[in-house]
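Here's the structure, in structure tokens; my notes come after.
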Amino acid sequence: MRALLAPAAALLALAGPVALTPQASAESTTLKAVIFEEVKPLYQKTDAGYEGLGVDVLEQIRIQAKRRKVDYRVATSVNDGIGAVITGKADIACGVAFTWGRSTQVTYSLPFGIGGTRVLMASDTTMDGTPASLEGTIIGVVKDSQSAKVLKSVVPGATLKSYDTPIEALNAFYSGDVPMLGGGTLWLAANSRIDKTALLPFRPYGRSGISCIVKQDNGKLLSSTNIALGQMMQAYMDGDAGTRRMINRWIGPGSDVGLSQESIRSLYGLILSVTAEINTPATPGI
């Protein structure tokens with residue numbers, strides 16, 4: 001089953017561009033990024049490093065922030081990753097679901113996607129993914145993830161079995177250690193096996209924006225991040241071939257997630273409509 005993005009947006013302000021001073025140190029020209037989930041569609045390990053939607057987003061931010069390179073650190077847990085940003089061990093993390101609790105510790109950028117909690121199970125299931133149908137079941141989750149918290153609240157009758165990392169949780173599901181796996185829609189859809197699995201329910205539990213986070217006093221990087229994301233979404237809406245190819249590779253037509261270009265374009269249009277100016281071609285006579 002293919003994932004669906006629901007329209008939503010956060011009211012976040014865009015600030016001005018950032019310039020590095022001549023005295024900037026070598027360390028300040030490196031963008032230190034923490035990775036929460038080393039699995040597609042956001043991040044995936046390769047022989048050359050990492051690839052994924054999160055990597056491409058960070059590259060746009062690196063260019064806007066005038067940084068020389070991006071250095072990646074893989075977090076051992078969600079809390080570890082957030083802590084790295086709070087303490088300054090990392091500058092930024094992209095692909096983070098919004099929660100009010102986290103927003104008291106870090107600052108969120110514009111969202112570049114919308115996620116929601118769902119459950120992955122065998123395709124021959126008779127369940128529909130509703131709370132009632134999941135009563136008494138065992139659901140694998142990633143420890144400390146937002147989806148684990150949502151499922152604990154929405155399906156109190158289910159037993160949640162926690163795994164330290166997304167890869168461990170996926171392996172547990174596909175090896176049969178747990179009969180179903182709960183998590184974010186994009187993550188589950190990108191790692192599902194269409195002919196053998198079902199993603200339920202049709203409408204996700206607890207939708208949230210997917211954004212980047214920075215330390216609360218790092219306004220310059222937040223500014224560069226918002227500008228980079230805004231320009232990326234505008235370019236997608238304008239039909240820029242390179243931008244559409246970049247994003248579609250991970251979540252668009254032909255990808256494992258399989259969203260339509262119109263779905264992505266509509267989402268980006270909604271986000272920009274409440275956060276930034278949208279450039280549209282002038283109509284003669286108006």
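Couple of notes before you dig in:
- Looking at the chain, the pairs of alpha carbons with a distance over 35 Å make up 17% of the total.
- With contacts taken as Cα pairs under 8 Å at a separation of at least 6 residues, region 66-173 carries a relative contact order of 24 percent.
- In this rough spin-label picture, where each label sits 7 Å from Cα along the Cβ direction, the Asp47-Lys143 distance is 3.4 nm.
- Residue order, fewest to most surrounding Cβ atoms within 10 angstrom, among Val57, Val178: Val178, Val57
- Built amide H within the under 5 Å cut-off of Gly252, gap 5+: Gly258, Leu259
- Calculated [θ] (222 nm, deg cm²/dmol) that DSSP helices of n ≥ 4 give over the chain, each run adding -39,500 (n - 2.57): -9500 deg cm²/dmol
- Top positive-direction residue, dipole computed over the chain with Cβ charges, set Thr130, Val85, Tyr268: Val85
- Calculated SAXS-style log₁₀ I(q)/I(0) at q = 0.11, 0.13, 0.15 Å⁻¹ - region 116-207, Debye, Cα scatterers: -0.23, -0.33, -0.45
- From least to most packed, judged by other beta carbons within 10 angstrom and beginning with the fewest, Phe98, Phe202 follow the order Phe202, Phe98.
- Amide H contacts of Thr197 (H built 1.01 Å from N, under 5 Å, at least 5 apart or other chain): Ser123
Here, each number is a calculation from the coordinates, and none is a lab measurement. Quick caveat, the model's predicted, so the values are computed rather than measured. Because the Cβ atoms are built from the backbone with ideal geometry, glycine has one as well, and the counts that use them run over all protein chains shown.
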